[in-house]
1. Which condition number does Gly42 fail, the rest of (1) surrounded by fewer than 23 Cβ atoms within 10 Å (Cβ to Cβ); (2) of a type outside the set (A, V, I, L, M); (3) more than 13 Å from Leu282 (Cβ to Cβ) being met?
2. Given the options Gly68, Gly79, Gly74, name the one that is away from ligand 2 (no atom under 16 Å from the Cβ), surrounded by 14 or more Cβ atoms within 10 Å (Cβ to Cβ) and among the small types (Gly, Ala, Ser).
3. Run Lys248 past the list (1) outside the structural domain of Phe108 (by TED's automatic domain parsing); (2) closer than 19 Å to Met93 by Cβ; (3) away from ligand 2 (no atom under 16 Å from the Cβ) and report the number of the one that doesn't hold.
4. Can you list residue pairs whose Cβ atoms sit under 8 Å apart, with the first residue in the range 169-181 being acidic (Asp, Glu) and the second being buried (at least 21 other Cβ atoms within 10 Å of the Cβ) and in a helix (DSSP H, G or I)? Count only pairs 6 or more apart in sequence or on different chains.
5. Output the strands (runs of 3 or more DSSP E) that fall wholly within the range 1-69 and possess 3 or more residues being within 9 Å of ligand 1 (Cβ to nearest atom), or say none.
6. Does the range 95-104 include one or more residues that are modelled with pLDDT of 95 or more and either surrounded by 15 or more Cβ atoms within 10 Å (Cβ to Cβ) or within 16 Å of ligand 2 (Cβ to nearest atom) (or both)?
7. State yes or no: is Ala107 out of contact with any Asp or Glu (no Cβ under 9 Å at 6 or more places or on another chain), under 29 Å from Val228 (Cα atoms), of a type outside the set (Val, Ile, Thr) and not assigned by TED's automatic domain parsing to the domain that holds Leu255?
8. For a quick check of your reading of the model, give me the residue pairs whose first member lies in the range 12-31 and is touching a residue at least 40 places away in the same chain (Cβ under 8 Å) and within 19 Å of Lys48 (Cβ to Cβ), whose second is among the aromatic types (Phe, Trp, Tyr) and within 11 Å of ligand 1 (Cβ to nearest atom), with beta-carbon atoms closer than 6 Å and at least 6 apart or on different chains.
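The values are calculated or read from the model by the stated rules, or taken from the named source; none is laboratory data. Computed from a predicted structure; not experimentally measured. Ideal geometry is used to build each Cβ from the backbone, glycine not excepted, and the neighbour counts take in all protein chains shown.
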Amino acid sequence: MRDPLLAVKGLRLSFKTERGDLLLFHGLDLEIGKGEVLGVVGESGSGKTTLAYSIVRVLPSNARIEGGSITLAGRELTGLTERQMREVRGRDMTMVFQDPSTALNPAFRVKDQMLKVIKANAGIEGNEARVLAMGMLKSAELPDPASVMQSFPYELSGGMQQRVMIAMALTSNPKLVIADEPTSAVDATIQVQILKLIERLRRERGFSVLLITHSIAVAREVSDRIAVMYAGDVVEEGDAKKVVDSPKHPYTQGLVKSIPAPRGRKEGKTQLSTVPGEVPDLTDPPSGCRFHPRCPYVMDVCRKSMPGYRRAGDSMALCYLYEGNGS
Ligand SMILES: Nc1ncnc2c1ncn2[C@@H]1O[C@H](COP(=O)(O)OP(=O)(O)O)[C@@H](O)[C@H]1O
Ligand SMILES: [Mg+2]
């Protein structure tokens, strides 16, 4: 990609655990173009949230970045001080947690929280800040911004709280918005509405989005490209529709099979299939390709060494099946 907004190159990250070191990322590459929505998908435990936390650098204390580079609009972030990173987080990129309880303080009115964020990030106060806050609430499709401003979070529905969070996050006019999937069960229709809202705002304002979801079907609908993660690796990457409609990596093929068919019941398919097996324990990762113990096409070479990225149709796959295709 020429001139990406975000480029992660060769990222290495480990966690200290009671059972020894866990090397989650052992050379992760990822790019997001300007104005692009990149969907990051994969089962629970594949490293999606840790990837987001590495980019905004809000990692747990037992995590260590061992190497690699993360650039935003050409600026290297890995060497920045914590103070410089706070500025980057406030102005250049923002994380929208889909679980409102992690981002909204129940003790303060929406008005107070929004004005505080606007002051901290943009240095704007008073009437100008109020106008900005009301405008953002309105673009987040909240019908009565003035009354929302006066409300405490608990007085709003879950969907409205999420809209408030998005409005709050966008007051700084970020270049990159990172949205992590809800950890708790949020109503699926609300989730889709929120994703559509983010998509509409992205078209109007031109920011890029890193959208984390465990649902490859959701990612297909709202992303330009998809990166499929498995056990800390991006195993497949390509155009969103092509990755889902013609999956190349055996893991992606398994994820796609688990999408419920729209008329599944009529066809007598009531059971959802999932990818057989489990995400490996990365304190003792499998040799070679990390997916090999679950792969229906496993070959000898897969147990011995790590594959590289190969062209697979219109996508790139980290898989020996496409070995002859060039990188
Ligand atoms: N603080 C931590 N300490 C040790 N291991 C962790 C920690 N956070 C995440 N991990 C491990 O890293 C892997 C990826 O976790 P995570 O990024 O939360 O995945 P996802 O968001 O895709 O579910 C998991 O195997 C998890 O056990
Ligand atoms: Mg997660």
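1. Unmet condition: (1).
2. Selected residue: Gly68, the only one of Gly68, Gly79, Gly74 that is away from ligand 2 (no atom under 16 Å from the Cβ), surrounded by 14 or more Cβ atoms within 10 Å (Cβ to Cβ) and among the small types (Gly, Ala, Ser).
3. Here Lys248 meets the rest and fails (2).
4. These pairs meet every condition: Asp180/Lys48; Glu181/Lys48.
5. Working: elements: 6-17, 20-32, 37-41.
Counting at least 3 such residues, we get 6-17.
6. No, because not a single residue in the range 95-104 is modelled with pLDDT of 95 or more and either surrounded by 15 or more Cβ atoms within 10 Å (Cβ to Cβ) or within 16 Å of ligand 2 (Cβ to nearest atom) (or both).
7. Details: out of contact with any Asp or Glu (no Cβ under 9 Å at 6 or more places or on another chain): yes; under 29 Å from Val228 (Cα atoms): no; of a type outside the set (Val, Ile, Thr): yes; not assigned by TED's automatic domain parsing to the domain that holds Leu255: yes.
Spelling it out, it is not the case that Ala107 is out of contact with any Asp or Glu (no Cβ under 9 Å at 6 or more places or on another chain), under 29 Å from Val228 (Cα atoms), of a type outside the set (Val, Ile, Thr) and not assigned by TED's automatic domain parsing to the domain that holds Leu255.
8. Hits for this filter: Arg12/Phe25; Leu13/Phe25; Leu22/Phe15.
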